[in-house]
Amino acid sequence: MNRLPPHSIDSEEAFLGSILLDGTIAEFTTLKSSDFYSERNAYVFESCQSLKDKKVSINQITLAYELAASEHLEKCGGAAYLSHLIDSCPTSLDWKYYEAIIKRLSSKRKLIEISDQIASLGYDLDVDVDKGLSRADELLLTLREEAANTEIVTPEMRAEQALAHYIELNNKAGGIAVPTGLADVDHYLGGGGYPGELILIGGRAGIGKTTIAKTIANNIGYRGQKVLYFTCEMPNQSLTDRDIAGYLGKPIDVIRYGDYDNSDRGLFEKIIGEGIEYIAQTQVYHVDGLISTERVRQTSLQMKQRYGLSAIVVDYLGLLVDEYGRTDTQRISYISRNLKQIAIQLDVPLFSPVQLNRNLESREDKRPQLYDLRDSGSLEQDADVVLLMYRENYYKQTQDNTAEVIIAKKRQGRANIKVKIYFDEKHQRYCNLQRGF
């Protein structure tokens, strides 16, 4: 009985150090201050949550002020202890592992506490056996719910949530969907991409997956809604060249080459005038380089806190640098599951191009099917919407630039719909072709 309750001070300090290194972690953690064994660590965590609620950046200085305001700074060991927390954290990337250790040991301590309460019920001769067993069940059920971090939604709670949801929908001008700007596609998607949806855009290499992803991002951003665009395949400047070419109606090669007035008199003035103004006004924020799903998660949260966020584009899924499992199939499953969770957590649609298998090249009809998604099992399962790209002139030498967007999957509503749009190859963009409904 003289044993110390299960705990890990090292894990608690490493977790708090992770928050000091990356304040966005406070948004995602499911821990409570009661999960910490150390009282001073609990105080530090409470202050971190307080800063998060106030939408104040979490760092060593702001945290010290918050602790001082609650008269807990000296109890925690002063500013020196906050420096110690940072030094004790090898890397903030492992915060989930520290969190899991803290949560597991917290549940064990609570189990010990509950066992003492149940023992007291057994010793109390005035407590009826049935009432004692019922109380013991309640205590264990509460612990199970806390350990699993779940809550059973009663019919009454569900009705209240539904009422609030439909009132919000009724008051939302234009609905809650984020339009892609491709009118026919939006029509069959019920208005566009919905918050929490993972929308995959499948196509063969070179068919224009990045082009349609950028078209959608620009269409959303030009309406003043903020988009965060992660590009894994090309640098930000290459995307800017495409945007300028598309907006000014000039060939992409002319924009990339330079020496503008030699080939097109007055083009330079248009680029630094109308073109740059378009770039500045279109609310598309860019991130390039080596990108993982954790970087997508953390950067998207920072974007939402600082500027607001209406949609995310990850271009493209297969190039994310996450390492997981022994096979590429396991890695892709891990990535798609994480992207779906990010869409739900941030409550925005997440668009991501994906590669299709080469197998469709051997078929007479080259129109892609859902099973043509590379490593299709997990992608089919995680995606809420799958759009597949097809162009006849991709396979045949024709002048017809009509393209098809095949809505191969739509979790809410009818799928297997072919929508026609126009591929403007010269200016690297997709456009509305006709109202086909």
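The values are calculated or read from the model by the stated rules, or taken from the named source; none is laboratory data. Every value quoted in this text rests on a predicted model; they were computed, and no experiment measured them. Every residue, glycine among them, receives a Cβ derived from its backbone with ideal geometry; neighbour counts consider all protein chains shown.
The conditions of being farther than 30 Å from S292 by Cβ and either over 25 Å from the mean Cα position of the chain (by Cα) or assigned by TED's automatic domain parsing to the domain that holds G17 (or both) are met by A79.
Residues of segment 343-383 being hydrophobic (A, V, I, L, M, F, W, C), touching an Asp or Glu at 6+ places or on another chain (Cβ under 8 Å) and within 25 Å of R295 (Cβ to Cβ), which ones? Result: A343, L350, L373. Within 24 Å of F28 (Cβ to Cβ) and either assigned by TED's automatic domain parsing to the domain that holds L379 or touching a Leu at 6+ places or on another chain (Cβ under 8 Å) (or both): is that true of F268 in this structure? So F268 does not fit the description; no. Inside segment 382-437, residues that are assigned to a loop (DSSP other than H, G, I, E, B) and more than 25 Å from the chain's Cα centre (by Cα) make up a count of 17.
Of all residues in segment 175-202, those satisfying the criterion of being buried (at least 18 other Cβ atoms within 10 Å of the Cβ) and in contact with a helix residue (DSSP H, G or I) (Cβ under 8 Å, 6 or more places away or on another chain) are V178, P179, T180, G181, L182, G192, E197, L198, L200, I201, G202.
For (1) without any contact (Cβ under 8 Å) to a residue 24 or more places away in the chain; (2) in contact with a Phe, Trp or Tyr (Cβ under 7 Å, 6 or more places away or on another chain), each residue gets a yes or a no:
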{"position": "D10", "(1), (2)": "no, no"}
{"position": "E13", "(1), (2)": "no, no"}
{"position": "G23", "(1), (2)": "no, no"}
{"position": "K32", "(1), (2)": "yes, no"}
{"position": "F36", "(1), (2)": "no, yes"}
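Y43: modelled with pLDDT of 90 or more, aromatic (F, W, Y) and either more than 30 Å from I344 (Cβ to Cβ) or exposed (fewer than 14 other Cβ atoms within 10 Å of the Cβ) (or both), yes or no? Here the answer is yes, as Y43 does meet what is asked.
Checking each residue in segment 314-346 for being hydroxyl-bearing (S, T, Y), over 21 Å from S300 (Cβ atoms) and not in a helix (DSSP H, G or I) picks out only T327.
Within segment 148-174, residues that are under 30 Å from L105 (Cβ atoms) have Cβ atoms under 7 Å from residues that are among the charged types (D, E, K, R) and at pLDDT below 75 in these pairs: E151/E145, counting only partners at least 6 apart in sequence or on another chain. Restricted to segment 92-174, the set of helices (runs of 4 or more DSSP H) holding at least 1 residues that are in the same structural domain as F36 (by TED's automatic domain parsing) and loosely packed, with under 11 Cβ neighbours inside 10 Å comprises 95-123, 129-148. Collect the residues in segment 351-381 that are of a type in the set (K, R), in a loop (DSSP other than H, G, I, E, B) and over 30 Å from V178 (Cβ atoms), keeping them in residue-number order. Scanning segment 351-381 gives R363, K366. Only one entry of K209, K214 meets the criterion of being charged (D, E, K, R), touching a strand residue (DSSP E or B) at 6+ places or on another chain (Cβ under 7 Å) and at pLDDT 90 or above, and that entry is K209.
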